[in-house]
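**Student:** Just passing along the structure, written as structure tokens.
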Amino acid sequence: MTNLIEITDLSVEFRGPKNGFFRKKSSPVHAVDNVSLNIVKGEALGLVGESGSGKTTLGRALLRLVEPTTGQVHMNSTDGKRNITSLDAKQLRKAWQNMQMVFQDPQSSLNPRMTVMDTIAESLLVNGIAKNIRDAKTRVVEVAESCGLSSDQLNRYPHAFSGGQRQRISIARALVTKPEFIICDEPVSALDVSIQAQILNLLCKLQEEMDLTLLFISHDLIVVAYICDRIAVMYLGNIIEIAPTKTLFNNPMHPYTEALISAIPSNNPDDITGETLLASDAPGSAGERKGCLFSPRCRYADGKKCSTIKPALTDTGDGRMVACHFAEKLSLTGFGNH
């Protein structure tokens, strides 16, 4: 298997304004903390975690929509290997033709003053792939129809479409330059459940037909399980577990993953709600970061090793990685058993 995306020690830090009379620097916020992760060509990798865990920041950092503080991102595309973090502005624009993003809210990511035709064609015109709108029309119609839009809808404006149709427009805009890598940032969270299924089925179909590689960011584990081959679990800017989807659901190795799975509602209305494994909010990502970051909320923490030594993300075999001192000793509850 060939890695399309290779992420090495990627960090993103944000600093607030200087505080107090002496303008003392505030503590940095570690949105992404030394993340190393590979995405295999042709796979759909899910990235899950609570709100504020750094999922979206990591996705944006891969495209340098947010500049990484440290680390590197390499892309092994069909036209050669690129170090995305070292490209200048002109080279980065060229690289963006091969890596695109579908945003969470299509209404805010689409220009209300541009028709669907102009919206989808914009990337072709800006990058010189098409000379004018007439030259771009054939490709725009082709990609629009592959996303479930008809050619007679292309002269309308975004306000004339439903949420699901607007997301189809966003997907068509991302695919028009024929990219190899797509980042989907919560692409169905703002949609009704029935429409979610349509968009997920569309993404599955397009991935197979166009040999796409997906990074699918979501807080909904059921949605991720439907579309993804592997899942990476993120907590306070750190990847704390990676496993094939079925394996992770049946046999989680990190207590945080177990807690996320325990929060999935049962489809049986007669089931009694189980024990809440996450009883408090995440403590935040600023300031001193010692030991396991999950230890203040972990019911398995030993109070000494966990609070002083940060566990490394370790390969446990069978395509699994986990960052927990006691991963091999714990017997955690998977989906369907809680």
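Any read-out appearing in this document is the output of simple, stated calculations on the displayed coordinates, not a laboratory observation. Small disclaimer: the values here were computed from a predicted structure and weren't measured. Positions of Cβ are generated from backbone atoms using ideal geometry, with glycine treated the same way; all protein chains shown enter the neighbour counts.
**Student:** In percent, what relative contact order does the chain have, based on Cα pairs under 8 Å that are 6 or more apart in sequence?
**Tutor:** 19 percent
**Student:** With an 8 Å cut-off on Cα pairs and a minimum separation of 6 or more residues, tell me the relative contact order of segment 150-252 in percent.
**Tutor:** Relative contact order of segment 150-252: 20 percent.
**Student:** Continuing with the same structure: Positive end of the charge dipole of the chain (Lys, Arg +1 and Asp, Glu -1 on Cβ, about the Cα centre): tell me which of Ile84, Asn267, Thr316 has its Cα farthest that way.
**Tutor:** Ile84
**Student:** Also, I was wondering about something else. For the chain, list the DSSP H helices whose alpha carbon atoms reach 20 Å or more along the long axis and whose average Kyte-Doolittle value is -1.0 or above?
**Tutor:** 193-210
**Student:** Further question on the same structure: Ignoring GluC sites (Glu not before Pro) that are buried or in helix or strand per DSSP, and keeping those with at most 11 other beta carbon atoms within 10 Å, what is the longest stretch of the chain between them?
**Tutor:** Here the longest segment lacking exposed loop sites spans 1-274.
**Student:** Can you list residues from other chains, or at least 5 along the same chain, whose modelled amide H is less than 5 Å from the amide H of Met101?
**Tutor:** Hits under the 5 Å cutoff: Ile183.
**Student:** For the pair Gln198 and Lys310, how long in nm is the line joining their label points, each one 7 Å along Cα→Cβ?
**Tutor:** The answer from the label model is 4.5 nm.
**Student:** By DSSP, what percent of the beta bridges with both residues in the chain are antiparallel, rounded to the nearest 5?
**Tutor:** Approximately 65 percent, going by the DSSP bridge assignments.
**Student:** Let me ask something else about it. Taking the chain as a Gaussian network, Cα atoms linked when under 10 Å apart, which of Val102, Val176, Val126 shows the biggest mean-square fluctuation?
**Tutor:** Val126
**Student:** Output ³J(HN,Hα) for segment 302-309: one whole-Hz value per residue in order, computed from phi by the Karplus curve 6.51 cos²θ - 1.76 cosθ + 1.60 with θ = phi - 60°, and x for Gly and Pro.
**Tutor:** In residue order, the calculated couplings are 8, x, 10, 4, 5, 8, 10, 10 Hz.
**Student:** Could I ask something else about it? Give me the Kirkwood hydrodynamic radius of segment 65-221 in Å, from all C-alpha pairs, to one decimal place?
**Tutor:** Answer for segment 65-221: a Kirkwood hydrodynamic radius of 16.3 Å.
**Student:** What is the magnitude of the charge dipole of the chain about its Cα centre, with +1 placed on the Cβ of each Lys and Arg, -1 on the Cβ of each Asp and Glu, and no other charges, expressed in debye to the nearest 20?
**Tutor:** 1380 debye
**Student:** Which of Gly80, Gly319, Gly303 ends up with the largest GNM mean-square fluctuation for the chain, with Cα atoms connected below 10 Å?
**Tutor:** Of Gly80, Gly319, Gly303, the Gaussian network model singles out Gly80 as fluctuating most.
**Student:** In whole percent, what relative contact order does segment 86-174 give with Cα contacts below 8 Å and a gap of six or more residues?
**Tutor:** 40 percent
**Student:** Give me the extension gain from Lys94 to Ser266: residue separation times 0.36 nm, minus the current Cα-Cα distance, reported in nm with one decimal.
**Tutor:** Result for the pair: 57.3 nm of gain on full extension.
**Student:** Now for a separate question. What number comes out for the charge environment of Leu260, summing +1 per Lys or Arg and -1 per Asp or Glu over other residues with Cβ under 11 Å away?
**Tutor:** -4
**Student:** What are the semi-axes of the equivalent ellipsoid for segment 1-103, taken as the square roots of 5 times the Cα gyration tensor eigenvalues, largest first, in whole Å?
**Tutor:** 29, 16, 12
**Student:** Still on this model: Taking the beta-carbon count within 10 Å as an exposure proxy, list Leu65, Leu212, Leu313, Leu248 from fewest neighbours to most.
**Tutor:** Fewest-to-most Cβ neighbours within 10 Å comes out as Leu65, Leu313, Leu212, Leu248.
**Student:** Within the set of other residues whose C-beta is less than 11 Å from the C-beta of Lys178, count the net charge using Lys and Arg as +1 and Asp and Glu as -1.
**Tutor:** -2
**Student:** Assuming 0.36 nm per residue, please report the length gained on full extension of the stretch Leu65 to Thr247 beyond their Cα-Cα distance.
**Tutor:** Answer, rounded to one decimal: 62.2 nm.
**Student:** Per DSSP H run of n ≥ 4, the term is -39500 (n - 2.57); total these for the chain, divide by its residue number, and report the mean residue ellipticity at 222 nm rounded to 500 deg cm²/dmol.
**Tutor:** Taken over the chain, the calculation gives -8500 deg cm²/dmol.
**Student:** Kirkwood hydrodynamic radius, computed over distinct alpha-carbon pairs, for the chain: how many Å, to one decimal?
**Tutor:** 21.5 Å
**Student:** Arranged by the count of other C-beta atoms within 10 angstrom, fewest first, what order do Ile183, Ile222, Ile133, Ile84 take?
**Tutor:** Listed from fewest to most nearby Cβ atoms, that is Ile222, Ile133, Ile84, Ile183.
**Student:** Summing +1 for each Lys or Arg and -1 for each Asp or Glu, what net charge is found among the other residues whose Cβ lies under 13 Å from the Cβ of Val322?
**Tutor:** The answer is -3.
**Student:** What is the fewest-to-most order of Leu125, Leu203, Leu154 by other Cβ atoms lying within 10 Å of their Cβ?
**Tutor:** Ordered by Cβ neighbours within 10 Å, fewest first: Leu125, Leu154, Leu203.
**Student:** What is the distance in Å between the Cα centroid of segment 92-135 and that of segment 152-225?
**Tutor:** 15 Å
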